[in-house]
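Visitor: The structure is given below, and queries will be raised subsequently.
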Ligand code: GAP
C-alpha cells in the first residue's frame, strides 16, 4: 500500500490516465471543483447506481421516482433550506480567501490570523452563506422568477408523496427511491470528487407510522451497511457515527453517518436520518394540500414519519476507487491494480490476440463478439501482452482472455485472473459458461 498522504494523488492521476475522471472544462483551466466522468468512470458510476437501484426497488415495498431538478421556490421555503441551509463563513480581508468557520482552528478565530497568508487581525466575523444555487425561470430576471437548483433530491419525493400513494397502491410502511443530481455552492469543495458543487445522490425515503420510526431507523442502518459490504468495501474501513445535538440537520430528530476511512480521514459517505413528520407537515402548511395517510385497517389518519437513507454517488465512486487500489511487486516491477468487486468493474473482460497475424486476431474478434453479448469487454491488440495486462489491471478488469498459437492447435485460450494473475487454459467454446459461473460466484 502506498503512503496514505500520496494515495489520493495516485488515484487522481490513475483516474485521468485511464479515463475514469477528468477535471471539468479542463481545456479552459477547470471550473469550480467540477469533474467529468470518462468512459471507465461513467461505467463504474452506472454500475454503482444500478446496484443501489436494484437493492432498493427490486422489492415489493419500494418504488422509484425521477422528479424535476427545478422545483417551485416555495418548496425550499417549506423545507427550511431558504432560511436554514447555510454555512457560517469567514473571509480574509488581506488575501481574500474564504473559509468555513468549522474548518478554522480556535486559535485562528481568536487571533484573527489567516491560516493561508498568515496576516494577523485579517479575519472577518462569521457570516451566514446560503448554499443553494439561484437561477431564474423564464426571460425576466426578477424576484418573481427566482428558482433554485435542488440541494437534495429528497424534496422531489415529498411533494410527490400523494401522487405515488394514489397510483402505486402502496401502504405504509413503504418507500420511494430516487437517483439524481443535486447542487450546493460549497464554500470549500475539495478532496477530488469527495465534496463538489454538482453531485449525484441516491436517496430513499421510507414512510412509516410515527410509532414505528425507531424500529425502521435501526433496520435501515443495518441494511445500508450491508449494501456497502455487498459492494466489496472493506468492513474495517466503515463505521457509524451518531450526530450530536449540534450536528443534527434542521429536519432530523436522530441521524447516523456511515463513514469511510478515506486517505484524508474518516468522512461521511452516507446519511441516515429520522426526519419525523417535519417535511410532510411543512409541505401541508405551505401548499395547503392534504398529505396525510389513512390506514383503513386501523381506521386511523396520520402524517407518516420518514426514515431517509441518503448516499452520494460520487462519494461511493471515490470509496470504491480508494478501497480497490493496490500496489504490488511483480518480478521486480510495480503492478497497480484496482481490485473492484466484479459487479462494479467497468470492463468485465479484456480480450487479446497474442500477435497481430497468423489468424489470431480473427479468432479473438470472434470471441469478443460472442462474449460482448453478456459482458462489457475491451479488445486490445496493441503492445506487448504484459503491458496490455497491466492496463487492464489499472482499469480493474477482473478477467483477461488471450488467444495464442496453442489456440490454433487445440482451440483453447488462456483465462487470466486479475487478482491472482493465474492463467488457466480452457476451450474457447466454454468461455461464456465459465465467465458466467465466475461472475455469479
Ligand atoms: N437529503 C439529505 C441530505 O442531503 P446530506 O448528509 O446533506 O443529506 C447526503 O447529504 C449525502 O450526499 C452525503 O452523505 C454525501 O454522500 C452526498 N453529498 C452531500 N454533499 C455533497 C457534496 N458537496 N459533494 C459530493 N457529495 C455530497
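Derivation of every value follows stated rules applied to the coordinates shown; laboratory data play no part. Note that the structure is predicted; figures quoted are calculated from it, not measured. Here the Cβ positions follow ideal geometry from the backbone for every residue, glycine too, while neighbour counts run over all protein chains shown.
Visitor: Write down the Å³ per residue value for the convex hull defined by the alpha carbon atoms of the stretch 89-207.
Guide: Roughly 170 Å³ of hull volume per residue.
Visitor: Would you mind computing, in nm to one decimal, how far apart the modelled labels at residue 121 and residue 168 are, each placed 7 Å from Cα along Cα→Cβ?
Guide: It is 6.0 nm.
Visitor: What is the gain in length, in nm to one decimal, between residue 331 and residue 365 on full extension, counting 0.36 nm per residue of separation less the C-alpha to C-alpha distance?
Guide: 9.2 nm
Visitor: Okay, moving on. Taking the highest mean first, how do the peptides 132-144, 212-224 order by number of other beta carbon atoms within 10 angstrom per residue?
Guide: Per-residue mean Cβ counts within 10 Å order the peptides as 212-224, 132-144.
Visitor: How big is the shadow of the Cα convex hull of the stretch 255-330, averaged over all directions, in nm²?
Guide: The directionally averaged projection comes out at 8.8 nm².
Visitor: Where does each of 196-202, 29-35 land if you order them by average Cβ count within 10 Å, highest first?
Guide: Going by the mean number of other Cβ atoms within 10 Å, highest first, we get 196-202, 29-35.
Visitor: Using the 10 angstrom Cβ neighbour count as an exposure proxy, how do 192, 183 rank, fewest first?
Guide: Fewest to most other Cβ atoms nearby, the residues stand as 183, 192.
Visitor: What is the distance, in nm, between label points placed 7 Å from the Cα along the Cα-to-Cβ direction at residue 250 and at residue 146?
Guide: 1.3
Visitor: Then there's this: Under a GNM of the chain (C-alpha, springs under 10 Å), which listed residue has the highest mean-square fluctuation: 296, 230, 101?
Guide: It is 296.
Visitor: Give me the Kirkwood hydrodynamic radius of the stretch 347-440 in Å, from all C-alpha pairs, to one decimal place?
Guide: 13.0
Visitor: If every alpha-carbon in the stretch 194-350 counts as one equal scatterer, what log10 I(q)/I(0) does Debye give at q = 0.12, 0.13, 0.14 1/Å?
Guide: -0.65, -0.73, -0.81
Visitor: In Å and on Cα atoms, what radius of gyration and Dmax does the stretch 117-180 show?
Guide: According to the Cα coordinates of the stretch 117-180, Rg and Dmax are 20.3, 64 Å.
Visitor: Separate question: Give me the tail of P(r) for the chain as a percent: Cα-Cα pairs with distance above 27 Å.
Guide: Looking at the chain, the distances longer than 27 Å represent 62 percent of pairs.
Visitor: Top mean-square fluctuation among 69, 307, 109, Gaussian network model of the chain, C-alpha springs under 10 Å?
Guide: The residue that fluctuates most here is 109.
Visitor: Provide the convex hull volume over Cα atoms per residue for the stretch 8-121, in Å³.
Guide: 227
Visitor: While we're here: Could you compute how fast the stretch 75-147 diffuses translationally, taking Rh as the Kirkwood radius over C-alpha pairs and applying Stokes-Einstein at 4 °C with viscosity 1.567 mPa s? Give it in µm² per second.
Guide: Using the Kirkwood radius from Cα pairs, D works out to 91 µm²/s.
Visitor: Before rounding to the nearest 500, sum -39500 (n - 2.57) across all DSSP H runs of length at least 4 in the chain and divide by the residue total; then give [θ] at 222 nm in deg cm²/dmol.
Guide: Estimated from H runs of four or more residues: -9500 deg cm²/dmol.
Visitor: Quick one: angle between helix 213-230 and the longest Cα principal axis of the chain, in degrees between 0 and 90, rounded to 10, please.
Guide: Roughly 20 degrees between the two axes.
Visitor: Expressed in nm², what is the orientationally averaged projection area of the convex hull enclosing the Cα positions of the stretch 142-239?
Guide: 9.9
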